[in-house]
Amino acid sequence: MTATGVDAGRAGFRHSAAFYSGLDGLLDAVVPFVREGLDAGEPVLVAEVPEHLEALRCALDGDADRVAYLDIAAIGANPARIIPAWRAFVADHGDRPVRGVGEPAWVGRRPVELEECRLHEALLNVAFDDAADFSLLCPYDRDGLPAEVLAGAQRTHPFVEGATYGGHDDAATQFSAALAPAPAGAVEEGFDLERLSGLRRRVRDLALAAGLGDEATDEVVLAVHELACNSVEHAGGSGVLRSWSDPCSLVMEVSDGGTITDLLVGREQAMSLSDCGRGVWLANQLCDLVQLRSSAAGTTVRLHSWL
């Protein structure tokens, strides 16, 4: 890996990526990084897909039990849930140097998920800008991932071969970029305070008709309701719901004229019921994938439920 534009020896947040080929390539990149941390007495957390976790445990042999592990396919199915997991790990160890491995963009993810992985990687640089001493290595499968994903890794990691690191500006640019437009057949309806109860019923009907189960339907109804309440309370009293489905997913999109300036909204737990980030936080916990973009033109939160 090549450090570009940043002092690789400094404390703080050292966010690096490694491009690998095959399982042996992954082990060659990750195992020395983990052992280096263990030798220095650093707590180490590895967040990987199950098959990679198994291989890493075997490769670490007698050191395997000195490492903590997370199934990133579970905690990171929605990439917006990954930063809270890293925050908890760092907080658990105070000001001690800590080390992590995380592969959010694994082979086989949907294109829309990979899009959110790129935003997640950019937001890590914002979330841990003031970290005391945190080294995070993000492996990328150079053979199995699209070229644009690998280019995104070069843009979001200061320490990587061929880095074109964009800093916080890159995160802000992604956060404010418009999502792809809703399809022509999307159902659209406006809402305000008086129409919130009717909106809940409408969302329930749409979710059940699309084939969601009862529990998943309850979750998407709650998520849309919380976001709609945010629009009513914090964005001028009204908003628009758009919905559509295909054989693989149901999508609910809440838009309004408000602007969110906190790039980490929904990735840090809201502490009060009046906090406008509460609705986004809940949506991130309840939905399979959440996309949020905000600019001076307004805010859009798109909820995906896999069928």
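The values are calculated or read from the model by the stated rules, or taken from the named source; none is laboratory data. Only a predicted model underlies this, so the values are computations on that prediction, with no experimental measurement involved. Virtual Cβ from ideal backbone geometry, glycine too; neighbours counted across all protein chains shown.
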Check Val6, Val107 and return the single one that is modelled with pLDDT under 95, in a loop (DSSP other than H, G, I, E, B) and of a type in the set (A, V, I, L, M).
Val6
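This table checks each residue for (1) in contact (Cβ under 8 Å) with a residue 24 or more places away in the chain; (2) surrounded by 21 or more Cβ atoms within 10 Å (Cβ to Cβ); (3) among the β-branched types (Val, Ile, Thr).
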{"position": "Arg202", "(1), (2), (3)": "yes, no, no"}
{"position": "Leu208", "(1), (2), (3)": "no, no, no"}
{"position": "Ala223", "(1), (2), (3)": "yes, yes, no"}
{"position": "Cys229", "(1), (2), (3)": "yes, no, no"}
{"position": "His234", "(1), (2), (3)": "yes, no, no"}
{"position": "Pro247", "(1), (2), (3)": "yes, no, no"}
Please verify whether the range 101-109 includes one or more residues that are of a type in the set (Val, Ile, Thr), closer than 22 Å to Leu282 by Cβ and surrounded by fewer than 19 Cβ atoms within 10 Å (Cβ to Cβ).
no
Scanning the range 86-123 residue by residue, the ones that are among the aliphatic types (A, V, I, L, M), within 26 Å of Ala55 (Cβ to Cβ) and more than 11 Å from the chain's Cα centre (by Cα) total 5
Taking into account only those residues within the range 121-180 that are among the β-branched types (Val, Ile, Thr) and part of a loop (DSSP other than H, G, I, E, B), which is nearest to Val30 (Cα to Cα)?
Val160
Within the set of pairs 6+ apart or on separate chains, which have a first residue in the range 267-289 that is outside the structural domain of Pro84 (by TED's automatic domain parsing) and more than 19 Å from Ile72 (Cα to Cα), a second that is at pLDDT below 95 and of a type in the set (D, E, K, R), and C-beta atoms under 6 Å apart?
Ala270/Arg278
Within the range 132-176, which residues are more than 18 Å from Ala105 (Cβ to Cβ) and surrounded by fewer than 21 Cβ atoms within 10 Å (Cβ to Cβ)?
Ala132, Asp133, Gly167, His168, Asp169, Ala172, Thr173, Ser176
I'm trying to understand the selection: among the residues of the range 38-77, which are touching a residue at least 40 places away in the same chain (Cβ under 8 Å), surrounded by fewer than 21 Cβ atoms within 10 Å (Cβ to Cβ) and closer than 20 Å to His120 by Cβ?
Val49, Ala77
Within the range 90-100, which residues are surrounded by fewer than 19 Cβ atoms within 10 Å (Cβ to Cβ) and not aliphatic (A, V, I, L, M)?
Asp92, His93, Gly94, Asp95, Arg96, Pro97
